[in-house]
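The values are calculated or read from the model by the stated rules, or taken from the named source; none is laboratory data. Bear in mind that the values here come from a model prediction, so they are computed numbers and not experimental data. Positions of Cβ are generated from backbone atoms using ideal geometry, with glycine treated the same way; all protein chains shown enter the neighbour counts. Heavy atoms of the whole protein, side chains included, go into the accessibility calculation; ligands, DNA and RNA do not. Shrake-Rupley method; radii C 1.70, N 1.55, O 1.52, S 1.80 Å.
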Amino acid sequence: MERYCDDILQYFIDDAKVREHWYKARYYIMNVLRPLDGHAIGCDSGKRMHVVVKWQFNKEDDKLLMLAVVRQICLLFHFPNYDEENGRNRTRITILADKEADVAAAYDDMRSYPYLGDLLDYCKCEVEGDPNREHEEVLPLDVEIVFKTGEEKGAKDDIVIAIDPKDVVAGIKDFSEEYMKFDVTKGMLVSMVYNTGVEIDNLPANDNANINRYSTALNVFCYKLKPDLIQKKWDESAKRRDDGTYDEVSIKNKLSSVFCADCFEPRIRSLFDKEQKALSEYILMSFREVMEKISEEKTITAFAKCEHARWNVEKLILGFKPLTMQDWYEIERRFGKERNDFIKGKKKKGWHIDLCSYKNLRRVNPADMKYDYFLMLAMPQILRSYLLSK
């Protein structure tokens, strides 16, 4: 199949300048900054990513660009050693201001930025000099944000990345119109996971780490990776309303597939953090070895948990919220089709049942957990198909 690019954001965001910031931020993080797969944080690593962002600007446009950069970091920096039970190894983002008054201003800037959704309300947040604005995590998230002054060198086990607005502006000088789109090829392949059909739907919602039970589904998935079918399913996934505009949830689902695929390389690389081969060599030349490593129960479970943690952050950024106590009461008093219809109705209004801890997901919606496992198992095949695309 060929590679495809699409300006999905035009169906989601009317402001052309906001879309430009989004694409520039993605370009900088994925093409200019040190590649995430170079850090190779594995399941057993004691390291954590710590991004220090200098909050000082000469122009308002630079500040809006840096807000987009922070959002892109939140979308991408997710690693399989995050421990939901105690919050260990979550990505830390430090917003570094010159003086205390600027700390409060930085918090207000980020709090009022609409394209971070409600992330700041649900993640762990620390604000130097203003305890009224800081709080512990509301959801177990693998991202925390700190606003402070002074210097920040990080803790002993931190992998520190420093980002200065001046460096970002200099780093995107080669940005051109061709980057004003997403490469959606991998996202299209991710979307095909949810078109596998009854081979996944009919699996019981338990024993998820037993990869042998996915063999038929994986064969069906690979069989369906035909260019015409992939394109057809991708086009059908974006639904038009009667007035010609696109259904917002369907566009967010497309974006979700792209964001998910963006995080594949660091996960695969983490399996081979002591080797010197390029990632493409492992995928194309040592595919069986990759599948053997990812199929280990400990690894596939860590990857599935990592994917749910990433998904939680993404959904908050895209404007979804977790269900309220009243919603849960309404769900508990419904059964079968009535229950499913209620959950779907809430999703259309921006409330999602899966926005919860991994531990609670097993209780409230266990059927969805198998998709995280299957997606992680299909990840090497998705990358292989992508690398073999023209």
Inset, instruction - In whole angstrom, note down how far apart the Cα centers of the stretch 258-296 and the stretch 213-245 are. - result: 24 Å
Legend entry - Per-peptide average of other Cβ atoms within 10 Å, ordering 170-177, 203-210 highest first: 203-210, 170-177
Legend entry - Packing-based ranking, highest mean first, of 376-385, 216-225 given that Cβ atoms within 10 Å are counted: 376-385, 216-225
Legend entry - Percent antiparallel among DSSP beta bridges (both partners in the chain, rounded to 5): 15 percent
Legend entry - For the stretch 70-79, 3J(HN,Hα) per residue [Karplus equation, 6.51 cos²θ - 1.76 cosθ + 1.60, θ = phi - 60°, Hz, x = Gly/Pro]: 4, 4, 5, 4, 4, 6, 9, 8, 10, 9
Inset, instruction - Determine the per residue accessible area of the chain with all protein chains present and a 1.4 angstrom probe, expressed in square angstrom. - result: 47 Å²
Inset, instruction - Could you work out how far apart the two model spin labels at Leu388 and Asp247 are, taking each label as a point 7 Å from the Cα in the direction of the beta carbon, and quote it in nm? - result: 3.3 nm
Inset, instruction - For percent of Cα pairs over 32 Å apart, several values are listed as (1) 43; (2) 33; (3) 37; flag the one computed from this structure. - result: (2)
Inset, instruction - Return the carbon/sulfur percentage of the accessible area of the stretch 127-179, one whole number, probe 1.4 Å, all protein chains in place. - result: 46 percent
Inset, instruction - Please work out the FRET efficiency for the pair Asn58 and Asp83, using the Cβ-Cβ distance as r and a Förster radius of 51 Å; give the result to the nearest 0.05. - result: 0.80
Inset, instruction - Rounded, prolate or oblate: pick one for the stretch 302-351, where a ≥ b ≥ c are the square roots of the eigenvalues of its C-alpha gyration tensor, a/c under 1.5 means rounded, and failing that, prolate if a/b is larger than b/c, else oblate. - result: prolate
Inset, instruction - Please list, or write none, the lysines whose alpha carbon is within less than 29 Å of the alpha carbon of Lys298, excluding same-chain residues fewer than 8 places away. - result: Lys47, Lys124, Lys156, Lys186, Lys224, Lys274, Lys277, Lys315, Lys359, Lys370
Inset, instruction - Report, by chain and number, residues whose modeled amide H sits under 5 Å from the one on Val52, excluding near sequence neighbours (fewer than 5 apart, same chain). - result: Thr94, Ile161, Ala162, Ile163
Inset, instruction - Could you check how much of the accessible area of the stretch 3-67 is carbon and sulfur, as a whole percent, using a 1.4 Å probe? - result: 41 percent
Legend entry - Part-to-part distance (alpha-carbon centres) for the stretch 353-390 and the stretch 119-151, which is given in Å: 28 Å
Legend entry - Amide H contacts under 5 Å for Val127, placed H, 5+ residues apart: Glu134, Phe147
Legend entry - the stretch 1-31 and the stretch 35-97: distance between their alpha carbon centers, rounded to Å: 20 Å
Inset, instruction - Would you mind telling me the share, in percent, of accessible area of the stretch 258-373 contributed by carbon and sulfur at probe 1.4 angstrom? - result: 50 percent
